[in-house]
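A.B. asks: Okay, handing you the structure first.
Throughout, read-outs are computed from the coordinates displayed, never taken from laboratory work. Small disclaimer: the values here were computed from a predicted structure and weren't measured. Cβ sites come from the backbone with ideal geometry, for glycine too, and all protein chains shown count toward neighbours.
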Amino acid sequence: MSGMKSNLSRKAEDYLEAIFVVSEEKGFVRIRDICKELGIKPPTVVEMVRKLNDQGYLVYKKYEGVYLTPKGEEIGRIIKDRHSTILAFLTFIGVPEKIANDDACIIEHDLSPKTVEQIKNLVSFIESTPDNPEWLHNFARFCKVESTTCDKDDQLEKNPQKKALSLIRRRKTL
């Protein structure tokens, strides 16, 4: 399962991720911890925890707490890693942190393992370069300036690749 494409719902994956995160932070997990992490009421959390217990992803003992099984821990770790990778990428390209976090929660479930691996490689590359790469600064400047002005149309005629990209951008905005 190390590449990850589970048969679990997004919601179930979110629970395993939340339990994994809390477990890493505190060493143990209670129902109220999951409620706080996900912003969900206790009866709903107990219902999902029981389902995940029945499916073998965790062990739930009413007065002892919640413990991930090895397969539950693996999925929780993978989803957390995907979330962190996508969040870092979205932050690098200038998405505000709250929006980036919300979007990462959505995207983390649907990308192929290869796509996540390449995003992770890009994030690692960006983080490993001293003093932020020049292209990242150029991208930030680009985002502040309108990309299709009349002046630029003249320059596009001289460069067919730029013209093609400009046409693609225009078509997306129509």
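A.B. asks: Using only Cα atoms, locate the centre of segment 43-100 and the centre of segment 106-145, then give the distance between them in Å, rounded to an integer.
C.D. replies: Segment 43-100 and segment 106-145 have Cα centres spaced 24 Å from each other.
A.B. asks: Could you give P(r) for segment 38-87, binned at 5 Å from zero, as whole percent values over all Cα-Cα pairs?
C.D. replies: 5, 20, 22, 23, 18, 10, 2, 0
A.B. asks: Quick one, can you get me the convex hull of the C-alpha atoms of segment 6-112 expressed as volume per residue in Å³?
C.D. replies: Values: hull volume 10.3 nm³, N = 107.
In segment 6-112, the Cα convex hull volume per residue is 96 Å³.
A.B. asks: Report the Stokes-Einstein translational diffusion coefficient (µm² s⁻¹, integer) for segment 83-136, Rh taken as the Kirkwood radius over Cα pairs, at 20 °C with viscosity 1.002 mPa s.
C.D. replies: Working: Rh = 11.5 Å.
Result for D is 187 µm²/s.
A.B. asks: Mind giving me the FRET efficiency for residue 46 and residue 136? R0 is 30 Å, r the Cβ-Cβ distance, nearest 0.05 is fine. It would help to have the intermediate numbers written out before the result.
C.D. replies: Values: r = 45 Å, r/R0 = 1.51.
It comes out at approximately 0.10.
A.B. asks: Would you work out the charge dipole size for segment 10-75 about its Cα centre, treating the Cβ of every Lys and Arg as +1 and the Cβ of every Asp and Glu as -1, and quote it to the nearest 20 debye? Display every interim value, and only then the final one.
C.D. replies: On the way: 12 positive and 12 negative charges, 75 e Å.
Here segment 10-75 has a charge dipole of around 360 debye.
A.B. asks: Give the long-range amide H neighbours of residue 58: residues separated by 5 or more places, or on another chain, with amide H under 5 Å away, using H modelled in the peptide plane at 1.01 Å from N.
C.D. replies: 53, 69
A.B. asks: Tally Lys/Arg at +1 and Asp/Glu at -1 over every other residue whose Cβ is under 12 Å from the Cβ of residue 21; what's the total? Let's see the in-between values first.
C.D. replies: On the way: positive: 26, 36, 77, 80; negative: 14, 17, 24, 25, 33, 37, 73, 81.
Taking every Cβ under 12 Å from that of residue 21, the sum is -4.
A.B. asks: Can you run phi through the Karplus equation (6.51, -1.76, 1.60; θ = phi - 60°) for segment 45-62 and list ³J(HN,Hα) in whole Hz, with x for Gly and Pro?
C.D. replies: The phi angles translate into 5, 4, 4, 5, 4, 4, 4, 5, 5, 5, 8, x, 8, 7, 10, 10, 10, 2 Hz.
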